[in-house]
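For reference, the structure is listed below as C-alpha cells.
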Amino acid sequence: MREMAEAVKLLASYMREGFEGTFKILEKHSQLLEEHSKLLREHSKFLEEHTRILEEHSKILEGHGRRLEELTRAVGELKVAVGSLGRRWGRDLERTVLELYRHALEERGIEPGRVEKFIYTDVDGRFYRRGARIEVDVYVHDEKVYLVEVKSHADLEDVEWFYEKAGIVEKILGRKAEKLIIVAVNIDKEALERAKELGIDTVYGAVIE
C-alpha cells in the first residue's frame, strides 16, 4: 500500500509539473500573440497614415494637373489673341483654336486634325455675288459634312454671316450639312443666343456680356 501511495504521489507530481509546464507554454504563446497583435495594430495605423498621405498627394497632383491644363489653355488663347491683334490670323492660328478645344470637338465626332479649308470663288455669281470668295472649314466623316467657323472673337455679325454662308456652301456642294459649328475663344452673349436660335452648335472659351 505504501508503494502504491508513493506511486500515486509521484504521478500527481508529474501531472502537476506537466500542467504547470503546459500553462507556462500557453502563457508564453499568449504573450507572443499579444505582441504580434500589437505589431499588427501598429502596422495598420502606419498603413492608414501612409494611405492618408497618398490620398492627400493625389489630390494635390490632381489640382496641379487641372491648373496646368488651365494654364495651357490660357497660353493658347493668349497666343490666338496676340496673333489676331497683329493681323496674322491665318491657318496656323485656326489650327491652334481647334486644338485648344479638341476634347469638345471630339465629343461632337470631329477630329480637329482632319478639318480642311474649303474655298470657292463664285466667278459668275451662280451661288452668291459675282466674284465673291466663300471660305469655310469642312469636316467630312461617314459621308456626313460638318461646316465649321473658327474665330478668335465671334460677334452677332459673324453668326449671321456663317449661317448665310453655310446655306451657300450647301448649294455649292449639293448636300445638306449634318451640323454647323462655331469654335471661338470668346463669343458675345447675343451672338451665342442667336446661334442657338439658328441651330448652330458652339464651342467657346468665354462668353462676353
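Computed quantities for the displayed model
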quantity	calculated
13 Å Cα-Cα reach of K38 towards aspartates and glutamates, excluding residues that sit fewer than 8 places from it in its own chain	none
Inter-label distance, nm, simple model (7 Å from Cα along the C-beta direction), L156/E170	2.4
Hits among aspartates and glutamates - C-alpha to C-alpha of K171 under 19 Å, sequence gap 8 or more where chains match	E116, D122, D124, E135, D137, E143, E149, E160
Sum of side-chain charges, E35 neighbourhood, beta-carbon under 14 Å (Lys, Arg +1; Asp, Glu -1)	0
Above-threshold pairs, the threshold being 20 Å between Cα atoms, out of K144/K189; K117/K144; K117/K151; K144/K165; K117/K179	K144/K189
Chymotrypsin sites (Phe, Trp or Tyr not before Pro) restricted to DSSP loop in region 104-203 with at most 14 other C-beta within 10 Å	none
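Values quoted throughout were computed directly from the atomic coordinates according to the rules given, and no laboratory measurement underlies them. Owing to the predicted nature of the structure, the values given are computational and were not obtained by experimental measurement. Counting neighbours? That spans all protein chains shown, and the Cβs are built from the backbone with ideal geometry, glycine included.
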